[in-house]
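S.K.: Let me begin by handing over the structure; questions about it come next.
The values are calculated or read from the model by the stated rules, or taken from the named source; none is laboratory data. In this text the structure is predicted, and so the values were computed from the model without any measurement. Quick reminder, even Gly has a Cβ in these numbers, built from the backbone with ideal geometry, and neighbours come from all protein chains shown.
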Amino acid sequence: MGQTPLLTFTDRGIHCPAGDFYIDPWRPVARAVITHAHSDHARPGHGAYLATPGTATVMRHRLGPIRVDCAGYGEAVTINGVTVSFHPAGHVPGSAQVRVEHGGEVWVVSGDYKTAPDGLSEPFEPIRCHAFISECTFGLPVFRWEPNTLVMARINRWWAENAAAGRVSVIGAYALGKAQRVLAGLDPSIGPIVAHGAVEAVNVALRGVGYALPPTARLADTTGADLRRALVLAPPGAVGSTWARRLGEMAEASASGWMAIRGIRRRRGLGTGFVISDHADFVGLTDAIRATGADRVFVTHGYTGPFRRWLEDQGYQAGVVETEFAGEEADVGADQGPDQAGDHALPTEPDAEGGAIRE
Amino acid sequence: MKRLAALFAVLDGTTKTSAKLSALTAHFRAAPEADILWTVALLSGRRPRRAVTTTELRTWAAEAAGLPDWLFEESYAVVGDLAETIALVLPPPSATAASAGLAETMASLSDLAHQPPEARKAAILAAWATMPADERFLFNKLITGGFRMGVAQGLMTRALAEATGQDAAAVAHRLMGDWTPVAITLADLLAPTAGGGSRPYPFALASGLEAAPDSLGDPADWRAEWKWDGIRGQIVARPGAFAVWSRGEELITDRFPEFAPLARALPPGTVLDGEILAWGEGAAPLPFAALQRRIGRKSVPRKVLAEAPARFLAYDLMEADGRDIRAVPFAERRDRLEALVAGLPPGVPIAVSPLVALTGWETLARTREAARDRGAEGLMLKRAASPYFTGRRRGDWWKWKLDPYTVDAVMIYAQAGHGRRAALYTDFTFAIRAGNDLLPFAKAYSGLTDAEFAEVTRWVKAHTLERFGPVRRVVPELVFELAFEGIQESPRHKSGIALRFPRILRWRRDKTVAEIDTLDSLRALLPPRAER
Ligand SMILES: [Zn+2]
Ligand SMILES: [Zn+2]
């Protein structure tokens with residue numbers, strides 16, 4: 001192990017001095033390795049991007065013409081003598097952990113991840129390493145997710161009840177990831193599935209690289225009795241907006257890990273909350289970290305203070321990576337906090353993506 | 001518990017009154033009688049004796065969840081509700097047992113109160129281990145008490161009236177007073193009692209007047225009274241029954257032995273609404289603090305009785321000669337009240353709250369300015385033709401309070417809110433200047449918009465000097481204007497003063513910490529010595 005650590009934390013993001021590249025940097029850099037296409041990880045303005053094909057396709061759609069090199073899962077890429085590879089993070093389709101190896105030392109940057117399968121994203125794979133940089137958005141023991149199939153069964157039951165009563169069902173879910181995993185678990189025999197423009201744009205990009213998603217309709221093409229039985233997937237910001245008002249009588253729901261907490265659920269003011277997250281819960285985080293075999297762990301995004309202390313209690317050498325967001329966002333999560341989901345100005349259809357795709 | 005959990009899920013998941021009403025009505029039609037009685041009791045704020053302390057609950061929950069205490073406390077700070085935190089951190093149920101009914105659960109909890117700690121712990125852990133999270137949450141709420149399920153009492157009363165086919169006002173009256181779900185049947189609870197016993201009437205409540213008073217129309221249609229700052233209460237004197245009730249439906253007869261002679265002095269079948277005040281020899285009542293010293297005590301020592309003698313200032317007469325006269329117009333009830341009090345023997349500690357001359361809105365506004373000198377908070381405006389209505393109904397009775405006092409102060413500590421605002425710093429401690437020091441003197445946690453709280457939250461995180469658990473000490477820089485209703489000397493506070501109802505009026509972005517108020521300027525607002 002040399003004097004300089006393999007990865008360092010700078011005001012531009014996580015930096016690898018030996019390979020001279022950044023991972024998910026938030027200021028423009030020459031070479032960026034991107035874990036996934038959410039807007040807090042994939043920023044515009046970098047000279048060159050490295051990403052998985054799934055991430056690259058959504059990034060191109062979001063950021064326009066950029067220089068992207070692709071690497072599949074497990075495929076080793078050498079950057080200035082440093083070996084870099086992507087490994088499934090289970091967060092959203094195409095999302096990856098980044099493994100960095102140099103001189104026999106291995107570091108892994110988790111990006112956002114979850115350990116339980118969601119029926120669509122490539123399932124999380126633990127990677128052995130010496131040091132692990134882990135997100136901890138839901139790093140408190142009050143967060144404990146039920147299996148995906150159980151929550152999806154509940155969503156389908158809710159939808160069927162609404163359809164029987166002639167009410168449109170509207171679910172607020174992030175345009176990238178959450179919307180598609182919900183979509184993948186829906187029972188199309190209940191009624192038509194309508195996707196908001198921002199959701200459908202991601203659907204098209206993902207179908208284009210081979211993800212199998214059930215067919216979706218456009219709102220404009222769904223009318224009368226069909227609409228009354230329909231389930232509409234829209235970014236959280238669009239639910240309750242003028243866009244949603246043309247749907248007539250409806251039942252609204254949010255799909256988010258934050259829905260586990262009653263106070264947050266009530267604050268959002270939406271009737272039904274489905275607890276469904278693309279981040280690992282407390283047990284998931286603890287298990288994933290143990291599986292890496294790392295003795296050094298750095299935590300970022302979320303309840304970093306208590307989670308770091310918890311890791312130290314468990315015998316790890318643990319530190320906190322301050323992110324650009326840590327100083328300015330709600331404690332309940334620099335990432336996908338409830339404020340981004342519902343309390344900001346409600347975007348209208350054409351530009352709904354800006355805040356909504358962020359997670 | 002399963003049925004209760006289902007009811008709660010509906011109540012909690014909607015803001016629509018109609019949906020809550022129909023869920024409650026359906027519950028009152030279908031649930032077993034004993035469970036209905038308990039539901040009514042809980043939703044009308046009757047809390048059973050606590051069988052387990054909250055300290056025991058958190059310790060046992062942390063242990064059952066395999067968590068260190070500090071992590072449990074961090075979690076609690078984020079969730080903001082102990083019952084919910086426990087429900088969330090416990091592992092999923094290991095086995096399922098048949099769900100016990102509400103009454104059965106309440107009975108076993110009440111039995112626990114007499115058991116040794118190990119037995120109580122074993123029983124609670126066993127219950128947690130077999131309940132799904134939603135039932136666990138309700139179970140914990142039943143233990144910690146104060147559980148209203150987001151339902152106003154009026155709504156519960158309407159649902160019960162609808163389910164039992166009775167008049168809602170009659171049901172509201174019958175649910176008043178002292179009863180316990182274990183010692184009564186639903187039929188007895190809802191039956192009209194002969195003579196009424198000591199049961200009070202639901203209080204008629206006034207709304208705050210926001211518009212200009214001339215919007216109320218012709219002054220001749222209105223009556224004005226002082227708005228006193230005491231304890232709103234009812235005196236019930238019926239054959240064989242005498243009771244003093246607080247607005248919170250608490251029986252406070254024993255706290256005010258001065259009123260005992262009224263049991264014989266008042267004509268049988270009399271119910272009065274009024275204000276209990278501490279009132280010595282002076283022309284104005286003593287500050288609320290004098291009365292407050294009497295509330296917390298079971299029995300009142302002679303010294304306190306002498307220092308803060310209680311007097312009842314009657315506002316209204318709801319029952320006369322055993323007849324419910326709430327439908328009679330206010331002006332007429334008031335005439336009868338005056339006649340009744342005038343006929344009482346001398347020396348009884350009761351008077352009619354005087355009417356304030358009301359010839360025009362402008363002159364009345366000037367009169368209102370003098371309220372503080374009279375020891376009042378402002379004026380009450382009542383429509384002469386109004387009935388004594390149930391609960392809060394806008395239109396007939398208005399409180400027209402004085403503008404509050406204000407002070408500019410600097411924020412020195414911030415704490416995250418609870419529940420709905422768990423993500424924001426909403427609870428602040430403020431300081432004023434005392435010489436060269438900043439002296440903490442008030443806490444306030446309301447008055448900003450959500451957007452302002454979000455902005456302050458960002459500021460707090462960037463300007464934290466120290467953290468103590470959920471509390472952050474911040475750079476003394478943000479100035480706020482606080483409003484408060486009253487100020488008293490308080491040896492218990494470091495500042496030597498205590499404010500009544502402090503809240504944030506506005507964020508003074510235009511002011512710096514150099515411009516905040518001083519302890520001296522605040523002390524100048526204290527009531528003059530002679531009155532205390
Ligand atoms: Zn993220
Ligand atoms: Zn993400």
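S.K.: Looking for something in a loop (DSSP other than H, G, I, E, B), within 16 Å of ligand 1 (Cβ to nearest atom), in contact with a Ser or Thr (Cβ under 9 Å, 6 or more places away or on another chain) and in contact (Cβ under 8 Å) with a residue 12 or more places away in the chain - is there at least one such residue anywhere in segment A:61-82?
M.R.: Taking every residue of segment A:61-82 in turn, none turns out to be in a loop (DSSP other than H, G, I, E, B), within 16 Å of ligand 1 (Cβ to nearest atom), in contact with a Ser or Thr (Cβ under 9 Å, 6 or more places away or on another chain) and in contact (Cβ under 8 Å) with a residue 12 or more places away in the chain.
S.K.: Please determine, by comparing only the residues of segment A:12-24 that are charged (D, E, K, R) and in contact (Cβ under 8 Å) with a residue 60 or more places away in the chain, which one is nearest to ligand 2 (Cβ to nearest atom).
M.R.: A:24
S.K.: Assess whether residue B:59 counts as being at pLDDT 90 or above, within 13 Å of chain A (Cβ to nearest Cβ) and assigned to a helix (DSSP H, G or I). Working first, answer last.
M.R.: Values: at pLDDT 90 or above: yes; within 13 Å of chain A (Cβ to nearest Cβ): no; assigned to a helix (DSSP H, G or I): yes.
No: the conditions fail for residue B:59.
Quick grid of which residues meet (1) surrounded by fewer than 22 Cβ atoms within 10 Å (Cβ to Cβ); (2) touching an Asp or Glu at 6+ places or on another chain (Cβ under 9 Å):
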{"position": "A:232", "(1), (2)": "no, no"}
{"position": "A:243", "(1), (2)": "no, yes"}
{"position": "A:246", "(1), (2)": "yes, no"}
{"position": "A:258", "(1), (2)": "no, no"}
{"position": "A:261", "(1), (2)": "no, yes"}
{"position": "A:264", "(1), (2)": "no, no"}
{"position": "A:279", "(1), (2)": "no, yes"}
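S.K.: If we keep just the residues of segment A:123-137 that are farther than 16 Å from residue A:321 by Cα and in contact with a Phe, Trp or Tyr (Cβ under 7 Å, 6 or more places away or on another chain), which is surrounded by the most Cβ atoms within 10 Å (Cβ to Cβ)? Steps first, answer last, please.
M.R.: Keep residues of segment A:123-137 that are farther than 16 Å from residue A:321 by Cα, which gives A:123-130.
Then drop every residue that is not in contact with a Phe, Trp or Tyr (Cβ under 7 Å, 6 or more places away or on another chain), which leaves A:124, A:129-130.
Values: A:124: 24, A:129: 22, A:130: 17.
Applying the filter and picking the extreme gives A:124.
S.K.: For segment A:295-313, which residues satisfy the criterion of being closer than 17 Å to residue A:108 by Cα and more than 24 Å from the chain's Cα centre (by Cα)?
M.R.: Once the filter is applied, which keeps residues that are closer than 17 Å to residue A:108 by Cα and more than 24 Å from the chain's Cα centre (by Cα), segment A:295-313 yields A:295, A:296.
S.K.: Taking segment A:277-297, which residues are among the aliphatic types (A, V, I, L, M) and within 11 Å of chain B (Cβ to nearest Cβ)?
M.R.: Within segment A:277-297, just A:283 meets the criteria.
S.K.: Considering each residue of segment B:1-16, count those that are farther than 15 Å from residue B:160 by Cβ and assigned to a helix (DSSP H, G or I), and give that number.
M.R.: Summing the residues that are farther than 15 Å from residue B:160 by Cβ and assigned to a helix (DSSP H, G or I) in segment B:1-16 gives 10.
S.K.: Which residue is modelled with the lowest pLDDT, if the candidates are limited to segment A:25-57 and must be more than 16 Å from ligand 2 (Cβ to nearest atom) and either in a loop (DSSP other than H, G, I, E, B) or under 18 Å from residue A:301 (Cβ atoms) (or both)?
M.R.: Among residues in segment A:25-57 that are more than 16 Å from ligand 2 (Cβ to nearest atom) and either in a loop (DSSP other than H, G, I, E, B) or under 18 Å from residue A:301 (Cβ atoms) (or both), the one modelled with the lowest pLDDT is A:27.
S.K.: From the set of residues in segment A:102-122 that are in a loop (DSSP other than H, G, I, E, B) and away from ligand 2 (no atom under 16 Å from the Cβ), which is farthest from the other protein chains (Cβ to nearest Cβ)?
M.R.: My answer is A:103.
S.K.: Which condition from (1) within 24 Å of residue B:260 (Cβ to Cβ); (2) surrounded by 13 or more Cβ atoms within 10 Å (Cβ to Cβ) is the one that residue B:386 breaks?
M.R.: Here residue B:386 meets the rest and fails (1).
S.K.: Of everything in segment A:126-154, what is without any contact (Cβ under 8 Å) to a residue 40 or more places away in the chain and either within 14 Å of chain B (Cβ to nearest Cβ) or not in a helix (DSSP H, G or I) (or both)? Give them in sequence order.
M.R.: A:147, A:150
S.K.: Name every residue in segment A:83-97 that is in a strand (DSSP E or B), touching an Asp or Glu at 6+ places or on another chain (Cβ under 6 Å) and under 20 Å from residue A:181 (Cβ atoms), in order of residue number.
M.R.: Of everything in segment A:83-97, those that are in a strand (DSSP E or B), touching an Asp or Glu at 6+ places or on another chain (Cβ under 6 Å) and under 20 Å from residue A:181 (Cβ atoms) turn out to be A:87, A:88.
S.K.: I need the full set of residues from segment A:277-297 which are among the β-branched types (Val, Ile, Thr) and either within 16 Å of ligand 1 (Cβ to nearest atom) or not in a helix (DSSP H, G or I) (or both), in order please.
M.R.: Correct list: A:297 only.
S.K.: Let me ask another. Every residue in segment A:298-321 that is outside any strand (DSSP E or B), away from ligand 2 (no atom under 16 Å from the Cβ) and away from chain B (no Cβ under 14 Å), please.
M.R.: Correct list: A:316 only.
S.K.: Would you please name the residue that is surrounded by the fewest Cβ atoms within 10 Å (Cβ to Cβ), looking only at residues in segment A:18-47 that are among the aliphatic types (A, V, I, L, M) and within 16 Å of ligand 1 (Cβ to nearest atom)?
M.R.: Of segment A:18-47, the ones among the aliphatic types (A, V, I, L, M) are A:18, A:23, A:29-30, A:32-34, A:37, A:42.
Filter once more, so that each one left must be within 16 Å of ligand 1 (Cβ to nearest atom): A:23, A:32-34, A:37, A:42.
Numbers: A:23: 22, A:32: 26, A:33: 28, A:34: 28, A:37: 29, A:42: 24.
Applying the filter and picking the extreme gives A:23.
S.K.: Looking only at segment B:90-143, which residues are in contact with a Pro (Cβ under 9 Å, 6 or more places away or on another chain), farther than 22 Å from residue B:42 by Cα and within 14 Å of chain A (Cβ to nearest Cβ)?
M.R.: Passing the criteria: B:92, B:93.
S.K.: For segment B:449-474, which residues satisfy the criterion of being farther than 12 Å from residue B:414 by Cβ and more than 10 Å from every other protein chain (Cβ to nearest Cβ)?
M.R.: B:449, B:452, B:455, B:469
S.K.: In addition: Is segment B:91-100 home to any residue that is at pLDDT 90 or above, buried (at least 20 other Cβ atoms within 10 Å of the Cβ) and not acidic (Asp, Glu)?
M.R.: No, that holds for no residue.
S.K.: Turning to a different aspect of this structure: Residues that are more than 24 Å from residue A:149 (Cβ to Cβ), basic (Lys, Arg) and within 14 Å of chain B (Cβ to nearest Cβ): list the helices (runs of 4 or more DSSP H) wholly contained in segment A:181-276 that include at least 2 such residues.
M.R.: Qualifying helices (runs of 4 or more DSSP H): A:262-268.
S.K.: Does residue B:462 qualify as being of a type in the set (A, V, I, L, M) and free of Cβ contacts under 8 Å to residues at least 40 places away in the same chain?
M.R.: For residue B:462, the condition - of a type in the set (A, V, I, L, M) and free of Cβ contacts under 8 Å to residues at least 40 places away in the same chain - is met.
S.K.: Something else: Going through A:130, A:102, A:91, A:196 one at a time, which residue ends up being in the same structural domain as residue A:50 (by TED's automatic domain parsing) and more than 18 Å from residue A:291 (Cβ to Cβ)?
M.R.: A:102
S.K.: Ok, one more. Would you mind finding the one in B:258, B:249, B:338 that is assigned to a helix (DSSP H, G or I) and either β-branched (Val, Ile, Thr) or at pLDDT below 95 (or both)?
M.R.: Details: B:249 fails: assigned to a helix (DSSP H, G or I); B:338 fails: either β-branched (Val, Ile, Thr) or at pLDDT below 95 (or both).
Exactly one residue qualifies, and that residue is B:258.
S.K.: Also, I was wondering about something else. Can you pull out the residues in segment A:155-180 that are within 16 Å of ligand 2 (Cβ to nearest atom) and either in contact with a strand residue (DSSP E or B) (Cβ under 8 Å, 6 or more places away or on another chain) or within 14 Å of another protein chain (Cβ to nearest Cβ) (or both)?
M.R.: A:173, A:178, A:179
S.K.: Next question, about the same structure. Yes or no: segment B:32-51 includes at least one residue that is within 25 Å of the chain's Cα centre (by Cα), surrounded by 15 or more Cβ atoms within 10 Å (Cβ to Cβ) and within 12 Å of another protein chain (Cβ to nearest Cβ).
M.R.: Scanning segment B:32-51 turns up no residue that is within 25 Å of the chain's Cα centre (by Cα), surrounded by 15 or more Cβ atoms within 10 Å (Cβ to Cβ) and within 12 Å of another protein chain (Cβ to nearest Cβ).
S.K.: For segment B:73-89, name all the residues that are buried (at least 21 other Cβ atoms within 10 Å of the Cβ) and more than 7 Å from chain A (Cβ to nearest Cβ).
M.R.: Residues satisfying the conditions are B:76, B:83, B:86, B:87.
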